[in-house]
Amino acid sequence: AVIGAGRLGTALGQALNNAGYRVEIVCARRRTSAHRAAKLIGKNTAGLDVRQLNRLSSSQSVRLSSCALILISTPDDAIASVAEQLAVLFNSLEVEPRRRASARRVALHTSGALSADVLSPLQRAGFATGSIHPLVSISDSRAGADAFRNAFFAIEGDRLAERAAKAAVRSLGGQSFSISPGAKALYHAAAVTTSGHVVALFDIALEMLVTCGLSRRRS
């Protein structure tokens, strides 16, 4: 299940679906966004808004309870509340005895700055928790599904969550590296610097050269 149907969540949902993962549900704040993301991800994916997630039908409950991996791709400031909401929801779901005895569910968020600690409500609900952050920029959710091949992903969390994250990255054709939870903020600063600040520095240098008398074309 993918919670958060922005550019990154939708692109990851598409890429995982193409890699053989069955994406049961994608959830967004607005119903139109959820339906648009579900259509892009795959014909077997159901699109739900937040209100529907709190009032699941019996068939939707079955679909959600069957999910072994929950991917939270909401904005950073919403992850904690989403984790709390999902913990309450999963605690209320009826789970088959066979499912209880099987491997634990895994919850991963996609924040580059926050560690898996923000998912503590889900950890208390029995989930293995971690984070998976692709070191790429997704500008278009439609074309973004192809952006993960050969991309690098930063991973952290408990052992089972890291294992699930690394398996997903391999399926996407990417490469992963592990970092400590305390290094997430520094990692994010490095990612932001290389992503946007380098471009800004080149632009500033170009303006300097133009001021020196060079034409913009020659610069």
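The values are calculated or read from the model by the stated rules, or taken from the named source; none is laboratory data. From a predicted model like this one, the values you see are computed outputs, not experimental measurements. Glycine also receives a Cβ, built like all others from the backbone with ideal geometry; neighbour counts cover every protein chain displayed. Calculation scope for accessible area: heavy atoms of the full protein, side chains included, ligands and nucleic acids excluded. Shrake-Rupley method; radii C 1.70, N 1.55, O 1.52, S 1.80 Å.
Per-residue answers, yes or no, for (1) at pLDDT 95 or above; (2) acidic (Asp, Glu); (3) in contact with a His (Cβ under 7 Å, 6 or more places away or on another chain):
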residue: Ser139; (1), (2), (3): no, no, no
residue: Asp158; (1), (2), (3): yes, yes, no
residue: Ser171; (1), (2), (3): yes, no, no
residue: Leu186; (1), (2), (3): no, no, no
residue: Phe202; (1), (2), (3): no, no, no
- Query: Can you find even one residue in the stretch 144-151 that is at pLDDT below 95, open to solvent by 60 Å² or more (accessible area, probe 1.4 Å) and either assigned to a loop (DSSP other than H, G, I, E, B) or within 19 Å of Ala1 (Cβ to Cβ) (or both)?
  - Reply: yes
- Item | Failed condition for Ser137, given (1) over 14 Å from the mean Cα position of the chain (by Cα); (2) among the polar types (S, T, N, Q); (3) open to solvent by 80 Å² or more (accessible area, probe 1.4 Å) | (1)
- Right, Gln60: part of a helix (DSSP H, G or I), open to solvent by 10 Å² or more (accessible area, probe 1.4 Å) and more than 29 Å from Ala185 (Cβ to Cβ) or not? yes
- Checked the stretch 2-17 for anything surrounded by fewer than 24 Cβ atoms within 10 Å (Cβ to Cβ) and more than 12 Å from Phe148 (Cα to Cα); matches are Gly6, Arg7, Asn17
- Query: Which residues, counting only those in the stretch 26-42, are farther than 16 Å from Arg142 by Cβ and either touching a helix residue (DSSP H, G or I) at 6+ places or on another chain (Cβ under 6 Å) or assigned to a loop (DSSP other than H, G, I, E, B) (or both)?
  - Reply: Cys27, Arg29, Arg30
- Task: Taking Ala185 as the residue in question, decide whether it is in contact (Cβ under 8 Å) with a residue 60 or more places away in the chain, more than 24 Å from Gly20 (Cα to Cα) and open to solvent by 30 Å² or more (accessible area, probe 1.4 Å).
- Result: yes
- Among (1) of a type outside the set (Phe, Trp, Tyr); (2) in contact (Cβ under 8 Å) with a residue 24 or more places away in the chain; (3) within 16 Å of Ile70 (Cβ to Cβ); (4) open to solvent by 80 Å² or more (accessible area, probe 1.4 Å), Ala164 falls short only on (4)
